[in-house]
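Encoded as structure tokens, the structure appears first; notes follow it.
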Amino acid sequence: MAFLFSSYKQKYAFLSTLLVFLPLHLLISSSVADLSFNFYGSSCPGAEFIIRNTVRSASSSDPSVLGKLLRLSFHDCFVQGCDASVLVRGNGTERSDPGNASLGGFDVIESAKNVLEIFCPGIVSCADILVLAARDAVEALGGPVVPIPTGRRDGTVSAAVNVRPNIIDTDFTVDKMINIFSSKGLSVQDLVVLSGAHTVGAAHCNTFNSRFKRDPRGNLELIDASLDNSYAQTLLNKCSSSLDPTTTVVNNDPETSSTFDNQYYRNLLAHKGLFQTDSALMEDDRTRKIVEILANNQESFLERWTESFMKMSVIGVRVGEEGEIRRSCSSVN
């Protein structure tokens, strides 16, 4: 018998309920079978509510924190797995690496941890808080509610040397991006779908202003011909208004920057991808076809996002007796 749903929200409300009753090993690899849905149901039943409430409260005063929390989860999970190692302060840590200098949202994670330590001391990991906060940020932006298994443990090592080999730089080719995603157990489809995170958030000019410049007469000169001329002119004007390209911020999505939707893919079809890595997705047959599907079907994007984000959330997790439960997210015990 086929189930009929009038919207993706109904479909995933049903899916979220169903997942609670399915063995986790049927959904994700056996290496993370110690994770489970509603892991804190007995030990800290209000955990997910506290995290969600903290995210919502922080975003009411600073809406930009939602995109920051989502990006923070990527930079954590892709380096040593989803173990909250990016949260650790100190010289030589992941957080100290220049590649992570523009990350934000740390205070939100720490705030949630502080509340949880009052009600459930030593129970909820920073790794779970970080992944759940990113999930809740997407929901707050109008995206799907992703069913996330919990029970992650926090890592005890955070090293800057591990950052650069594992994160995507804005000038990477599709081949380089596929290689990194493949090393994390993620597919080409996951690459394109998770790139959809650029439908929200913002970036500093120095991450994309190498794609254009002013000629001696002060006119726009495209260095990257894959970029729409009028969009490049807009970016040039914005980035030229400041002497410091590391502080000037531009929305990743020029159309619907505060809504989690498939506008990012429509932007790519119009040659308005902010980063070179965005535009590159349109130049490779393996990725362009997926972009076209997602640009024309928002429900398909939201469904695939749920699948791909869940896969990312279990990369390299510590479980059981591995790692620790930190007392503070910014330092190991």
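The values are calculated or read from the model by the stated rules, or taken from the named source; none is laboratory data. Just so it is clear, the model here is predicted, and its values are computed rather than measured. No Cβ is skipped: glycine too gets one built from the backbone with ideal geometry, and neighbour counts run over all protein chains shown. These accessible areas exclude ligands, DNA and RNA; they are computed on the full protein's heavy atoms, side chains included. Shrake-Rupley method; radii C 1.70, N 1.55, O 1.52, S 1.80 Å.
Scanning region 295-330 for residues that are open to solvent by 50 Å² or more (accessible area, probe 1.4 Å) and closer than 27 Å to residue 110 by Cα turns up 311, 318, 321, 322, 327.
Scanning region 264-287 for residues that are open to solvent by 60 Å² or more (accessible area, probe 1.4 Å) and in contact with a helix residue (DSSP H, G or I) (Cβ under 9 Å, 6 or more places away or on another chain) yields 266, 269, 271, 276, 283, 286. Restricting the first member to region 294-316 and to residues that are closer than 23 Å to residue 268 by Cα, and the second to residues that are open to solvent by 40 Å² or more (accessible area, probe 1.4 Å), the beta-carbon pairs closer than 6 Å and six or more apart or on different chains are 295/266; 295/269.
Which residues, counting only those in region 246-272, are part of a loop (DSSP other than H, G, I, E, B) and without any contact (Cβ under 8 Å) to a residue 40 or more places away in the chain? Don't jump to the end; show me each part of the working.
Applying the first criterion (part of a loop (DSSP other than H, G, I, E, B)) to region 246-272 yields 246-248, 252-262, 270-272.
Within region 246-272, 254, 255 qualify.
If only residues of region 160-180 that are open to solvent by less than 30 Å² (accessible area, probe 1.4 Å) and in contact with a Ser or Thr (Cβ under 7 Å, 6 or more places away or on another chain) are counted, the one that is nearest to residue 99 (Cα to Cα) is 160.
If I filter region 197-217 for residues that are at positive phi and either open to solvent by less than 30 Å² (accessible area, probe 1.4 Å) or polar (S, T, N, Q) (or both), do I get at least one hit?
Filtering region 197-217 for residues at positive phi gives 201.
Adding the requirement that they be either open to solvent by less than 30 Å² (accessible area, probe 1.4 Å) or polar (S, T, N, Q) (or both) leaves 201.
So far as region 197-217 goes, yes, one or more of its residues are at positive phi and either open to solvent by less than 30 Å² (accessible area, probe 1.4 Å) or polar (S, T, N, Q) (or both).
Could you tell me whether region 11-22 includes any residue that is open to solvent by 20 Å² or more (accessible area, probe 1.4 Å), at pLDDT below 95, over 24 Å from residue 328 (Cβ atoms) and of a type in the set (S, T, N, Q)? Scanning region 11-22, I find at least one residue that is open to solvent by 20 Å² or more (accessible area, probe 1.4 Å), at pLDDT below 95, over 24 Å from residue 328 (Cβ atoms) and of a type in the set (S, T, N, Q), so the answer is yes.
Looking at 87, 132, 141, 103, which one is within 26 Å of residue 209 (Cβ to Cβ) and among the aliphatic types (A, V, I, L, M)? Spell out how you get there, then give the answer.
On the way: 87 fails: within 26 Å of residue 209 (Cβ to Cβ); 132 fails: within 26 Å of residue 209 (Cβ to Cβ); 141 fails: within 26 Å of residue 209 (Cβ to Cβ).
Of 87, 132, 141, 103, the one residue that is within 26 Å of residue 209 (Cβ to Cβ) and among the aliphatic types (A, V, I, L, M) is 103.
When restricted to residues that are of a type in the set (Ser, Thr, Tyr) and in a loop (DSSP other than H, G, I, E, B), region 146-167 contains 2. Note on region 238-263: residues that are modelled with pLDDT of 90 or more, closer than 21 Å to residue 220 by Cα and open to solvent by 70 Å² or more (accessible area, probe 1.4 Å) total 1.
Give all pairs with beta carbons closer than 6 Å in which a residue from region 99-116 that is over 18 Å from residue 205 (Cβ atoms) meets a residue that is open to solvent by 20 Å² or more (accessible area, probe 1.4 Å) and among the hydroxyl-bearing types (Ser, Thr, Tyr); count only pairs at least 6 apart in sequence or on separate chains. Filtered contacts from region 99-116: 111/54; 112/54. Cβ-Cβ contacts under 7 Å between residues 6 or more apart (or on different chains), taken from a first residue in region 158-170 that is over 8 Å from residue 94 (Cα atoms) to a second residue that is among the aliphatic types (A, V, I, L, M) and surrounded by 16 or more Cβ atoms within 10 Å (Cβ to Cβ), are listed as 166/79; 166/180; 167/79; 168/177; 168/180.
Since residue 239 meets every condition but one in (1) part of a loop (DSSP other than H, G, I, E, B); (2) under 19 Å from residue 171 (Cα atoms), which condition does it not meet? Failing condition for residue 239: (1). Scanning region 52-111 for residues that are on the phi > 0 side of the Ramachandran plot, touching a helix residue (DSSP H, G or I) at 6+ places or on another chain (Cβ under 6 Å) and open to solvent by less than 30 Å² (accessible area, probe 1.4 Å) yields 84, 105.
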